[in-house]
Amino acid sequence: MNIIIVGCGKVGITLAEKLDQEGHDIVVVDNRTDAVDNITDTLDVMGIVGSGASYHVLLEAGIEKANLLIAVTGSDELNLLCCLIARKASKCHTIARVRNPQYNDEIDFIKEEMGLSMTINPELEAATLMSGLIKLPSAIEIDTFAKGKVELLKFQVPENSILSNIKVMDISPKLHCNILVCIVERGEQVFIPSGNFELLSKDVISIVASPSNAIDFFRKAGVFVNQIRNVILIGGSTITVYLTKMLINSDIKVTIIEQNLERCEELSDVLPKAMIINANATYKNILLEEGIEDAQAFASLTNYDEENILLSLYAKKRSKAKIFTKISRMTYDDIIGEMPLGIIINPKLLTADRILQHVRAMQNIKGSNVETLYKLVDNKVEALEFYVRDNAKLLGIPLERLNFKPNLLVSCINHKGKIIIPNGKSTIQEGDTVIIVTTNKGLNDLNDILL
């Protein structure tokens, strides 16, 4: 597709890099010459210096032939204006990053009236992800397919668990649960397990299941810890506000520590059921006084990565809480990878990933049948959701009779809304969506999974 990206910040750079890797024709637009040069020097993309809200600049960028314009500048209003002008100048689809909470209650109206294909709110996305992980304490990562009907959940096998030294094929019969183990991480090794693969303590495994079946599995497997009932959040950011509202609605007690008095007063108005503490959380006595040792979840959400890292390390040392650490700088990935920082929350990466998913769904309309794609385990594994068309070579054939590529697993079939964890007798029909987990790269069509 021909895609124009307005805004060459961290999200714009990430989008340009990933969309370029997937073979799209990319044009980036930004007012800053150095920002445009930074991308065009490293990627095979075209760069235009100018305002994305300028009709003439968009014409130069090729708006008349563009399939999609993505506006991810630092200004919500500029992003919306770019999309509005793009819609007037062509019939392309438009995506706008809109961060201001004031627009949140009106976002459906804005989207409809401006003809936007998608709006994305990084802070809301981050809060939604964290809320799901807090409400399902055993999981350390959750990805969704089939419009939320199927989840891919990652967790670590505890020591002395019923899952230790059990073969993958024996899990469902033994626990009477409907799940499928599709990825096993053991140290630096990554496996797409066969039925005979034996799990060990401390393996990090990913399962495919419906939300209700996932909860049933965690309970029966003995890895479903007690429901989290109290949470400490550091920093009164927008993410904190969104997350607190979600948690309070689930009867979870929330304590917020914020050092700016004026912001504390604002938080007290919008979050009357939360405990608001005006203090500097980097003073260790503050965290001790506010019950860090008894906290069940802890999230460091300030605007300073270094502060978040230090606070999470301290919380990990003094408590058994589930830890979340907000990191904004993508260059820290290699450094922090080995630190015990719990779950890393990067709103910018989340934004880029959500937009990429939407782009893949657009491709489905244009002929590709990849609806959703997640890159997992440091890009070593891909989980793809395919829409099954009438040209699929495997229609109606039992899976046990098909010759699949190695290191590939048919993990789930969505048949008219019914979620099926497949076995050898299962078949795939036209109109189904199918989730494939594999270490093979570059699968663009369901037929590509066959030898």
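The values are calculated or read from the model by the stated rules, or taken from the named source; none is laboratory data. Please read these numbers as outputs of a predicted model, since none were measured by experiment. Every residue, glycine as well, gets a Cβ built from its backbone with ideal geometry; the counts of neighbours run over all protein chains shown. When the accessible area is computed, the model is the full protein with side chains, heavy atoms only, and any ligands, DNA or RNA have been set aside. Shrake-Rupley method; radii C 1.70, N 1.55, O 1.52, S 1.80 Å.
Points to keep in mind about this one:
- The stretch 114-172 and the stretch 382-451: distance between their alpha carbon centers, rounded to Å: 21
- Placing +1 on each Lys and Arg Cβ and -1 on each Asp and Glu Cβ, with no other charges, gives the stretch 169-323 a dipole about its Cα centre of roughly 580 debye.
- Using C-alpha pairs below 8 Å separated by at least 6 residues, the relative contact order for the stretch 292-448 is 17 percent.
- Rounded Å value of the spacing that divides the Cα centres of the stretch 233-254 and the stretch 299-359: 17
- Charge dipole (Cα centre; +1 on Lys/Arg Cβ, -1 on Asp/Glu Cβ; no other charges) of the stretch 76-198 amounts to roughly 380 debye.
- Taking the Cα centre of the chain as reference, the dipole from Cβ charges on Lys and Arg (+1) and Asp and Glu (-1) amounts to some 1440 debye.
- Pairwise FRET efficiency - N379 versus S328, Cβ, R0 = 22 Å, nearest 0.05: 0.60
- Under the Karplus curve 6.51 cos²θ - 1.76 cosθ + 1.60, θ = phi - 60°, whole-Hz ³J(HN,Hα) for the stretch 44-55, x wherever Gly or Pro sits: 8, 10, 9, x, 10, 8, x, 8, x, 8, 8, 4
- Each Cα pair under 8 Å and six or more residues apart adds its separation to the average, and for the chain the resulting relative contact order is 10 percent.
- Counted residue by residue at 0.36 nm each, then reduced by the alpha carbon distance between them, the extension gain from N444 to L59 reaches 135.5 nm.
- Environment charge of N249, counting only residues whose C-beta is closer than 12 Å and scoring Lys/Arg +1, Asp/Glu -1: +2
- Positive-end ranking of G222, M130, S117 along the dipole of the chain, with charges on Cβ about the Cα centre, is headed by G222.
- Cα gyration tensor, the stretch 43-97 - rounded (a/c under 1.5), prolate or oblate: rounded
- Full extension of the segment from K149 to E262, taken as 0.36 nm per residue of separation minus the current Cα-Cα distance, would add 36.5 nm.
- Farthest toward positive dipole pole in the chain [+1 Lys/Arg, -1 Asp/Glu at C-beta], among A146, N260, I162: I162
- A dipole drawn for the chain from +1 and -1 charges on Cβ atoms has a positive end, and of L341, C92, A209 the residue lying farthest that way is A209.
- Considering only the chain, percent of DSSP beta bridges that pair antiparallel, nearest 5: 50
- Each of Q189 and L451 was given a label point 7 Å from its Cα along the Cα-to-Cβ line. The distance between the two points is 2.2 nm.
- 15 Å beta-carbon shell around V98, net charge (K/R +1, D/E -1): -4
- The stretch 202-261: relative contact order in percent, alpha carbon pairs under 8 Å with at least 6 residues between: 32
- The solvent-accessible area of E141, taken with every protein chain present and a 1.4 Å probe, is close to 70 Å².
- One decimal place: the segment I162-Y304 gains 47.0 nm when fully extended, by the rule 0.36 nm per residue minus the C-alpha distance.
- Among the trypsin sites (Lys or Arg not before Pro) found in the stretch 409-444, those both in a DSSP coil and sparsely packed, with 16 or fewer other Cβ atoms within 10 Å of their Cβ, are K416, K425, K441.
- Label-to-label distance, nm, for residues given as K317 and I336 (7 Å Cα→Cβ offset): 1.8
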